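Engineer: Take a look at the following structure, please.
Taken together, the values in this text are just the output of simple stated rules run on the coordinates, not laboratory data. Remember, predicted model here, so these are calculated numbers, not experimental data. Positions of Cβ are generated from backbone atoms using ideal geometry, with glycine treated the same way; all protein chains shown enter the neighbour counts.
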Amino acid sequence: MKRLTVYVRSGCHLCDAMLDELDPSRQQGVFELEVIDILARPELESRYGTRIPVLCAEGDVEICHYFLDESALAQYFSQP
């Protein structure tokens, strides 16, 4: 099963929206999802700053940021 990571900031409405959009697929077992709050990790705060949420594949390969890009996510899942 593929694993995705979403970098978020507490209280971010864009982050909440992306998590809400990802939740049905996660609940269906399409992927595992790790949510990391960048405020708890200074190195991530400096890397992502205000460019959140950021959805990443394994190896921190960025799929999309700010809004869920359904086509980019589908392309990621179509790769072997």
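Engineer: Taking the condition of being of a type in the set (Lys, Arg) and over 12 Å from residue 56 (Cα atoms), how many residues in the range 1-35 meet it?
Structural biologist: 2
Engineer: Are any residues in the range 59-79 among the small types (Gly, Ala, Ser) and surrounded by 12 or more Cβ atoms within 10 Å (Cβ to Cβ), and if so, which ones?
Structural biologist: Scanning the range 59-79 gives a single hit, 72.
Engineer: How many residues does the range 3-13 contain that are closer than 26 Å to residue 78 by Cα and surrounded by 12 or more Cβ atoms within 10 Å (Cβ to Cβ)?
Structural biologist: The qualifying residues number 5.
Engineer: Restricting to the range 26-60, count the residues that are of a type outside the set (Ser, Thr, Tyr) and touching a residue at least 12 places away in the same chain (Cβ under 8 Å).
Structural biologist: 21
Engineer: Would you check which residues across the range 37-78 are within 9 Å of the chain's Cα centre (by Cα), part of a strand (DSSP E or B) and under 19 Å from residue 20 (Cβ atoms) and list them?
Structural biologist: 54, 55, 56, 63, 64, 65
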